[in-house]
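Contents: one structure, followed by commentary.
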Amino acid sequence: MICLGIESTAHTFSCAIVQKNKKSGKILSDVRKIYRPPEGQGIHPREASRHHIENSSDVLLECLKKANLKISDVDIISYAAGPGLGPCLRVAGVIARTVSSYYKIPIYPVNHAIGHIELGKLLTGAKDPLVLLVSGGHTMLAALKQKKWRIFGETLDTTLGQLLDQFGRSLGFASPCGKKIEELALESENYVSLPYVVKGNDVSFSGLLSAAKKISSNQKDACYSLQETAFAMIGEATERALSFTEKKELLIVGGVSANKRLSEILKKICQRQKCKFFVSPIEYAGDCGSQIAWTGLLEATAKKGAKLDETFVRQSWRLDTVEIDY
Ligand code: AMP
Ligand code: MG
């Protein structure tokens with residue numbers, strides 16, 4: 001079965017073609033165009049959606065061309081229906097509905113966070129992991145129990161990706177800033193004390209962000225101290241969730257999983273907890289159509305496509321409300 005997956009929840013517009021054969025999946029193409037806000041600014045939803053609309057037909061055509069397929073070869077279409085920025089979400093929704101109704105191809109709305117998790121599982125081979133999803137839109141620990149991804153810790157305010165991006169932007173960097181902060185952090189070992197806030201098994205980053213901005217006259221020390229503090233908080237919550245769920249695998253997914261220092265900290269925790277460590281390949285860690293296509297294929301094994309009037313986009317759509325029946 002072949003699926004065209006469309007992603008446009010935030011900064012990325014992406015189309016991908018994935019083929020499923022029994023339990024294995026193969027990415028035939030994955031084309032992306034990323035909206036870059038002006039330096040020092042965050043994503044403007046309307047500008048990002050304009051970017052997605054302008055690039056949508058080129059990305060779709062290139063994705064089919066790279067896979068060497070015609071639209072008539074596609075068996076199902078899936079699109080990221082949420083969570084995300086309203087104006088951005090509507091772009092994938094409208095394109096998926098249009099192609100589906102014109103070519104009579106079954107359509108599947110997919111939860112973006114579950115897309116991150118399922119593609120991570122496919123590409124790493126993790127079977128039943130505790131998942132740490134760390135991205136621009138999410139910071140949560142989730143594990144599959146009784147047909148739902150249950151949450152074992154999450155951020156109470158800003159996400160880990162937003163913490164890094166907002167701090168970077170305050171220094172005048174262009175968003176996304178995680179990579180640049182990681183590079184600067186490597187040039188310091190001088191830890192400046194910052195607020196460390198873990199409540200129960202949830203984390204809170206807003207006080208950390210304000211305090212980090214106050215010590216930003218030395219950029220390298222500030223980046224190093226910010227990373228060490230935020231990643232130690234995530235590490236504490238992850239270790240407690242591993243111990244509580246007794247999962248024997250940890251999988252990190254989402255754009256921030258590209259960070260090597262975060263992996264280093266989590267790897268040590270996994271050694272202590274005698275659990276296997278998996279990290280999403282860097283190319284597929286951030287938002288992409290393959291996540292949506294693969295999850296659409298999994299959904300298609302369990303249910304029929306949605307009727308067009310049942311399709312939707314939802315800015316707030318928690319993954320723990322979705323019943324997993326595949
Ligand atoms: P996503 O929302 O999954 O596309 O992830 C985007 C987020 O990943 C942004 O907040 C980026 O700053 C962050 N990110 C990307 N690369 C890195 C990195 N090397 N270290 C930390 N964060 C990163
Ligand atoms: Mg994402």
Expressed in Å to one decimal, the Kirkwood Rh of the chain from all distinct alpha-carbon pairs is 20.0
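Explain nothing, just the number: relative contact order of region 128-284, from Cα pairs under 8 Å at least 6 residues apart, as a whole percent.
Details: 285 pairs, mean separation 42.9, N = 157.
The value is 27 percent.
Quantify, in whole percent, the carbon and sulfur part of the accessible surface of region 128-284 (1.4 Å probe; protein heavy atoms only). Could the numbers behind the result be given before it?
On the way: 3480 of 6950 Å².
Using a 1.4 Å probe with all protein chains present, region 128-284 comes out at 50 percent carbon and sulfur.
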Please report the orientation-averaged projected area of region 126-215, defined via the convex hull of its C-alpha atoms, in nm².
7.3
So how tilted is helix 45-67 from the main axis of the chain? Cα-based, degrees 0 to 90, rounded to 10.
60
What order, most packed first, do the peptides 141-153, 179-191 have when packing is the mean number of other Cβ atoms within 10 Å of each residue?
141-153, 179-191
DSSP beta bridges in the chain [antiparallel fraction, %, rounded to 5]:
60
Net charge around G207, counting only other residues with Cβ within less than 12 Å of its Cβ (Lys, Arg = +1; Asp, Glu = -1)?
+2
Taking every pair of alpha-carbon atoms in region 128-284, give the share separated by more than 26 Å as a whole percent.
22
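How large is the charge dipole for the chain, taken about the Cα centre, if only the Cβ atoms of Lys, Arg (+1) and Asp, Glu (-1) carry charge, to the nearest 20 debye? Present the calculation step by step, with values, prior to reporting the outcome.
On the way: 43 positive and 34 negative charges, 150 e Å.
With only Lys, Arg, Asp and Glu charged at Cβ, the dipole is about 720 debye.
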Can you give the angle from 0 to 90° between the axis of helix 219-245 and the longest principal axis of the chain, with both taken from C-alpha atoms, to the nearest 10?
70
Name the residue farthest towards the positive end of the dipole of region 113-262 from the options G254, M233, S193, assuming +1 on Cβ of Lys and Arg, -1 on Cβ of Asp and Glu, about the Cα centre.
G254
What do you get for the angle between helix 112-124 and the principal long axis of the chain? Use alpha-carbon atoms, 0 to 90 degrees, nearest ten.
90
If packing is taken as the average number of other Cβ atoms within 10 Å across a peptide's residues, how do 209-221, 105-117 rank, most packed first?
105-117, 209-221
Pull up all non-local amide H partners of S78: gap of 5 or more, or a different chain, and H-to-H distance under 5 Å with H placed in the peptide plane.
L4, G5, I6, Y108
For S188, what charge total do you get from the other residues with a beta carbon under 13 Å from its beta carbon, if Lys and Arg give +1 and Asp and Glu give -1?
-4
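The values are calculated or read from the model by the stated rules, or taken from the named source; none is laboratory data. Owing to the predicted nature of the structure, the values given are computational and were not obtained by experimental measurement. Every residue, glycine as well, gets a Cβ built from its backbone with ideal geometry; the counts of neighbours run over all protein chains shown. Ligands, DNA and RNA are stripped out before the accessible areas are found, and what is left, the full protein with its side chains, is counted by its heavy atoms. Shrake-Rupley method; radii C 1.70, N 1.55, O 1.52, S 1.80 Å.
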